[in-house]
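Worksheet: one structure, shown below.
The values are calculated or read from the model by the stated rules, or taken from the named source; none is laboratory data. Please read all numbers here as calculations on a predicted model, not as lab measurements. Cβ coordinates were reconstructed from backbone atoms using ideal geometry, including for glycine residues, and neighbour counts include every protein chain displayed.
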Amino acid sequence: MMSKKAVSPLIATVLLIAFAVALGAVVMNWGRTYVEDTAKFAKDKSNTEIKCTTDVKLEFLKVKDEKRLCYSNTTDPKYMEFFVENDGTSDIYDLQVNLIGSIDVNTTDINLEKNPILRSRVYKVAELNYSDEIGTIEQINIIPKIKIEGNIISCPSNSLVETDIHECD
């Protein structure tokens, strides 16, 4: 029994301290990466919300206090026609148009990347087609999308919603 040798208490203590320091370094490195990623996400999200809130102002064009917005049920295919005006400070590169009917919803993306709605400009959407399957149109919801750092970002908090929609003359 006397010939067996064990690790001395000094070496055991040094090994435990080295293991604790290595484990602490791994945890601290992971924590730093997590905090940096979380901070970057929060910053990007807040910048997007601020830019959408302050720089986007999409409105229906009004002529003699009447919004230029109508639909046609007599043609095939049926269509929606509207004019929107960009009163904000950001150009609008895309529109998501939701036609909400009595039966279903029709969602259409209008890509304006090659011809964005510039500041203080009017854009006419003529003949946004939809089918009978949505029923009677009860509401239109238009969500503008802007470009932030090269990415097209949706601004749902600045969407246009209208329920007073009449038939085109």
Of Lys45, Lys62, Lys40, which residue is basic (Lys, Arg) and closer than 19 Å to Arg121 by Cβ? Lys62
So, of the residues in region 143-154 that are in contact with a helix residue (DSSP H, G or I) (Cβ under 8 Å, 6 or more places away or on another chain) and over 13 Å from Lys45 (Cβ atoms), which turns out to be surrounded by the fewest Cβ atoms within 10 Å (Cβ to Cβ)? Ile143
Any residue at all in region 80-103 that is in the same structural domain as Lys124 (by TED's automatic domain parsing), on the phi < 0 side of the Ramachandran plot, out of contact with any strand residue (DSSP E or B) (no Cβ under 9 Å at 6 or more places or on another chain) and not small (Gly, Ala, Ser)? yes
Scan region 25-50 and report the pairs whose first residue is touching a residue at least 12 places away in the same chain (Cβ under 8 Å) and whose second residue is assigned to a helix (DSSP H, G or I), with Cβ atoms within less than 9 Å and a gap of 6+ or a chain change. Glu49/Ser157
Kindly indicate whether any position in region 63-72 is surrounded by 13 or more Cβ atoms within 10 Å (Cβ to Cβ), touching a His at 6+ places or on another chain (Cβ under 6 Å) and not charged (D, E, K, R). yes
Evaluate region 128-150: report whether one residue or more is outside the structural domain of Lys45 (by TED's automatic domain parsing), in contact with a Pro (Cβ under 9 Å, 6 or more places away or on another chain) and basic (Lys, Arg). yes
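Table: residues versus (1) more than 23 Å from Asn98 (Cα to Cα); (2) assigned to a strand (DSSP E or B).
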{"residue": "Ile17", "(1), (2)": "yes, no"}
{"residue": "Ala22", "(1), (2)": "yes, no"}
{"residue": "Asn29", "(1), (2)": "yes, no"}
{"residue": "Thr33", "(1), (2)": "yes, no"}
{"residue": "Asp37", "(1), (2)": "yes, no"}
{"residue": "Lys43", "(1), (2)": "yes, no"}
{"residue": "Glu49", "(1), (2)": "no, no"}
{"residue": "Thr54", "(1), (2)": "yes, no"}
{"residue": "Cys70", "(1), (2)": "no, yes"}
Sort out which residues of region 116-142 are farther than 13 Å from Val105 by Cβ and touching a Leu at 6+ places or on another chain (Cβ under 7 Å), and write them in order of number. Val122, Ile142
Please verify whether region 71-78 includes one or more residues that are assigned by TED's automatic domain parsing to the domain that holds Glu149, touching a Phe, Trp or Tyr at 6+ places or on another chain (Cβ under 9 Å), polar (S, T, N, Q) and closer than 28 Å to Asn158 by Cβ. yes
If Ser90 satisfies every condition in (1) of a type in the set (Ser, Thr, Tyr); (2) in contact with a Cys (Cβ under 9 Å, 6 or more places away or on another chain); (3) in a loop (DSSP other than H, G, I, E, B); (4) surrounded by fewer than 16 Cβ atoms within 10 Å (Cβ to Cβ) but one, which is the exception? (4)
